[in-house]
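Some notes on the structure that comes next.
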Amino acid sequence: MPEIYALAFGAHPDDVELSAGATLLKIISENKQVAVCDLSEGELGTRGSREIRRQEATKAAQLMGYTARVNLNLGDGNIADTQENRLKVIQIIRQFRPTSVFTCSPLERHPDHEHTARLIKEACFYAGLANIPTEHEGDLQTPHRPTYLFYYLQQVHIVPDLIVDVSETFERARQGVLAFESQFYRPGSNEPETHISRKEFLTGLEARARYFGELIGVKYGEPFVKENHIGIPHFSDVFK
């Protein structure tokens, strides 16, 4: 397994692509490895099915170029910060050993997203404690605590701590989003309408990226909130 720089967690398949996909593509373009971990298969979703969403997640991973995509199957609508779930997430963190972790915002429209934020925050910390033993494929794992934890923003508007210029990767990231075609607007579909299957949703997604891009003077931007402080060793490397 190549060294993973960024590990992105989503409560459901498509969470990562909808909110951080262009940033993950930017990281990949910088010759870094990216992995994704979905906590459920979105099986309670109004549209599609477990099998369809599984196929869509695989297709999205191929289009995006992730090094790996795994699913913990914690149960859609049942994601909670329990000791059992925390250990499963710790195993994933120790397996991939990322520098940066991305996950849902702690303030969100969907309860699963809020619960995911709490679960991932705690797992990132406890993954660094040697006295919490975990195994992978029969081998004892060594502790690992990610350096950075970022929350990607979804439905609830929060003032971001940073906005990533994704002007060069936004259009390609749309391919990863559209891989989850069962969830979005399809002319003639007989399935019930949902918040994200409205015809206006994908247009709004682009408008949102343009809005955050405008705030930093670029075409498209993706916003994030950081959990911890970020030190700047070389001022001019950041503020060019």
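Taking the stretch 95-134, which residues are over 13 Å from the mean Cα position of the chain (by Cα), aliphatic (A, V, I, L, M) and under 14 Å from Ala11 (Cα atoms)?
Once the filter is applied, which keeps residues that are over 13 Å from the mean Cα position of the chain (by Cα), aliphatic (A, V, I, L, M) and under 14 Å from Ala11 (Cα atoms), the stretch 95-134 yields Leu107, Leu119.
State whether the residues of the stretch 1-23 include one that is over 13 Å from the mean Cα position of the chain (by Cα), without any contact (Cβ under 8 Å) to a residue 24 or more places away in the chain and open to solvent by 60 Å² or more (accessible area, probe 1.4 Å).
Checking the stretch 1-23: not a single residue is over 13 Å from the mean Cα position of the chain (by Cα), without any contact (Cβ under 8 Å) to a residue 24 or more places away in the chain and open to solvent by 60 Å² or more (accessible area, probe 1.4 Å).
If you check Pro146, Pro192, which single one turns out to be within 19 Å of the chain's Cα centre (by Cα), more than 17 Å from Val16 (Cα to Cα) and in contact (Cβ under 8 Å) with a residue 60 or more places away in the chain? Full working, then the answer.
Working: Pro192 fails: within 19 Å of the chain's Cα centre (by Cα).
Answer to the check: Pro146.
Tell me, which residue of the stretch 186-209 that is among the small types (Gly, Ala, Ser) and surrounded by fewer than 14 Cβ atoms within 10 Å (Cβ to Cβ) is nearest to Asp14 (Cα to Cα)? It would help to see each step written out before you state the result.
Here is the first cut: in the stretch 186-209, the ones among the small types (Gly, Ala, Ser) are 188-189, 197, 204, 207, 209.
The next check asks that each one be surrounded by fewer than 14 Cβ atoms within 10 Å (Cβ to Cβ); those that pass are 188-189, 204, 207.
Working: Gly188: 22, Ser189: 20, Gly204: 16, Ala207: 19 Å.
Filtering first and then ranking leaves Gly204.
Could you go through the stretch 92-101 and let me know if any residue there is over 17 Å from Glu122 (Cβ atoms) and of a type in the set (A, V, I, L, M).
no
If you scan the stretch 58-76, which residues turn out to be buried (at least 16 other Cβ atoms within 10 Å of the Cβ) and either in a loop (DSSP other than H, G, I, E, B) or modelled with pLDDT under 95 (or both)?
Selection gives Tyr66, Thr67, Leu72, Leu74, Asp76.
Identify, by number, the condition in (1) buried (at least 16 other Cβ atoms within 10 Å of the Cβ); (2) modelled with pLDDT of 95 or more that Glu168 doesn't meet.
All conditions are met except number (1).
Residue by residue through the stretch 133-143, note down the ones that are touching a residue at least 40 places away in the same chain (Cβ under 8 Å) and either exposed (fewer than 15 other Cβ atoms within 10 Å of the Cβ) or of a type in the set (Asp, Glu) (or both).
At the first step, the residues of the stretch 133-143 found to be touching a residue at least 40 places away in the same chain (Cβ under 8 Å) are 134-136, 141-143.
Across the stretch 133-143, the qualifying residues are Glu135, His136, Thr142.
Would you check which residues across the stretch 154-178 are part of a loop (DSSP other than H, G, I, E, B) and either in contact with a Gly (Cβ under 6 Å, 6 or more places away or on another chain) or closer than 18 Å to Ile27 by Cα (or both) and list them?
Within the stretch 154-178, Val166, Ser167, Glu168, Thr169 qualify.
State which residue is modelled with the lowest pLDDT when the search covers only the stretch 211-240 and only residues that are in a loop (DSSP other than H, G, I, E, B) and exposed (fewer than 11 other Cβ atoms within 10 Å of the Cβ).
The initial filter retains those residues of the stretch 211-240 that are in a loop (DSSP other than H, G, I, E, B), namely 216-220, 227-234, 239-240.
Narrowing further to those that are exposed (fewer than 11 other Cβ atoms within 10 Å of the Cβ): 217, 229, 231-234, 239-240.
On the way: Gly217: 97, His229: 84, Gly231: 85, Ile232: 84, Pro233: 87, His234: 86, Phe239: 78, Lys240: 74.
Here the answer is Lys240.
Among (1) part of a loop (DSSP other than H, G, I, E, B); (2) aliphatic (A, V, I, L, M); (3) open to solvent by less than 60 Å² (accessible area, probe 1.4 Å), there is one condition Leu107 misses while meeting the rest; what is its number?
(3)
Just a yes or no: is a residue in the stretch 135-145 at pLDDT 95 or above and in contact with a strand residue (DSSP E or B) (Cβ under 8 Å, 6 or more places away or on another chain)?
Yes, the stretch 135-145 contains a residue that is at pLDDT 95 or above and in contact with a strand residue (DSSP E or B) (Cβ under 8 Å, 6 or more places away or on another chain).
The values are calculated or read from the model by the stated rules, or taken from the named source; none is laboratory data. The shown structure was predicted, so the numbers you read here are calculated from the model rather than taken from an experiment. We place every Cβ from the backbone using ideal geometry, glycine too, and count neighbours over all the protein chains shown. To get the accessible areas, we keep the full protein, side chains included, count just its heavy atoms, and leave off ligands, DNA and RNA. Shrake-Rupley method; radii C 1.70, N 1.55, O 1.52, S 1.80 Å.
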